[in-house]
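So the structure is just underneath, and the comments pick up after that.
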Amino acid sequence: MSDCLFCKIVEGEIPARVEAETEHILAFHDINPVAPVHVLLVPKQHVADSAAELTAEDGPLLGELFELAARIAAANELDEGWRVVTNVGPAAGQTIFHLHFHLMGGWEAPQP
Ligand code: AMP
Ligand code: ZN
């Protein structure tokens, strides 16, 4: 999508601090982190605006994404635990309407 920020990051038109990638997923650091480690996992293709549009056909893509999330968590030594969140819609805080998942961790204490 031409006016989509995350499509532009995937295309390299807007810079990002890339953490890792697979064939179908790009992982880069959130510009406004809310945890010591805060990485966004983004399908390279604009397959959906949010998780509300996902179907069973997206299963392999999501498996690839979560495998990458676990690899990034291990690389960042998030051995005590980590969290994956996806926001659907403005009331949930979604601001970028290109499917993405927040990987967060590295806290000093257990989170509520
Ligand atoms: P959400 O609010 O769930 O749609 O998540 C969008 C996230 O994208 C927010 O946490 C923003 O801080 C982050 N964000 C916005 N612009 C950029 C950018 N240029 N590079 C990296 N992260 C960004
Ligand atoms: Zn997009």
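Hey, could you check region 94-112 for residues that are loosely packed, with under 13 Cβ neighbours inside 10 Å and over 14 Å from His38 (Cβ atoms) and say which is nearest to ligand 2 (Cβ to nearest atom)?
Of all residues in region 94-112, those loosely packed, with under 13 Cβ neighbours inside 10 Å come to 95, 108-112.
The next check asks that each one be over 14 Å from His38 (Cβ atoms); those that pass are 95, 108-110, 112.
Numbers: Thr95: 13, Glu108: 34, Ala109: 35, Pro110: 34, Pro112: 32 Å.
Here the answer is Thr95.
Taking Glu13, is it assigned to a loop (DSSP other than H, G, I, E, B) and on the phi > 0 side of the Ramachandran plot? Walk me through how you get there before you give the answer.
Details: assigned to a loop (DSSP other than H, G, I, E, B): yes; on the phi > 0 side of the Ramachandran plot: no.
No, not satisfied.
Here's the yes/no breakdown for (1) farther than 23 Å from Pro90 by Cβ; (2) in a helix (DSSP H, G or I); (3) touching a helix residue (DSSP H, G or I) at 6+ places or on another chain (Cβ under 6 Å); (4) within 16 Å of ligand 2 (Cβ to nearest atom):
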{"site": "Ile9", "(1), (2), (3), (4)": "no, yes, no, yes"}
{"site": "His38", "(1), (2), (3), (4)": "no, no, no, no"}
{"site": "Val42", "(1), (2), (3), (4)": "no, no, yes, yes"}
{"site": "Gln45", "(1), (2), (3), (4)": "yes, no, no, yes"}
{"site": "Ala48", "(1), (2), (3), (4)": "no, no, no, yes"}
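Among the numbered criteria (1) within 16 Å of ligand 2 (Cβ to nearest atom); (2) under 14 Å from Leu40 (Cα atoms); (3) part of a helix (DSSP H, G or I); (4) not aromatic (Phe, Trp, Tyr), which one does Asp58 miss?
(2)
Please count how many residues of region 68-81 are part of a helix (DSSP H, G or I), surrounded by fewer than 16 Cβ atoms within 10 Å (Cβ to Cβ) and touching a residue at least 12 places away in the same chain (Cβ under 8 Å). Give the derivation first.
Step one: list which residues in region 68-81 are part of a helix (DSSP H, G or I), which gives 68-75.
Checking which are surrounded by fewer than 16 Cβ atoms within 10 Å (Cβ to Cβ) leaves us with 70-71, 74-75.
So of that shortlist, the ones also touching a residue at least 12 places away in the same chain (Cβ under 8 Å) come out as 71, 75.
Summing the residues that are part of a helix (DSSP H, G or I), surrounded by fewer than 16 Cβ atoms within 10 Å (Cβ to Cβ) and touching a residue at least 12 places away in the same chain (Cβ under 8 Å) in region 68-81 gives 2.
Each reported figure results from applying straightforward, stated rules to the coordinates on display, with no laboratory input. As the structure is a computational prediction, the values presented were derived from the model and not from experiment. When we count neighbours, we look across all protein chains shown, and the Cβ atoms used for this are built from the backbone with ideal geometry, even at glycine.
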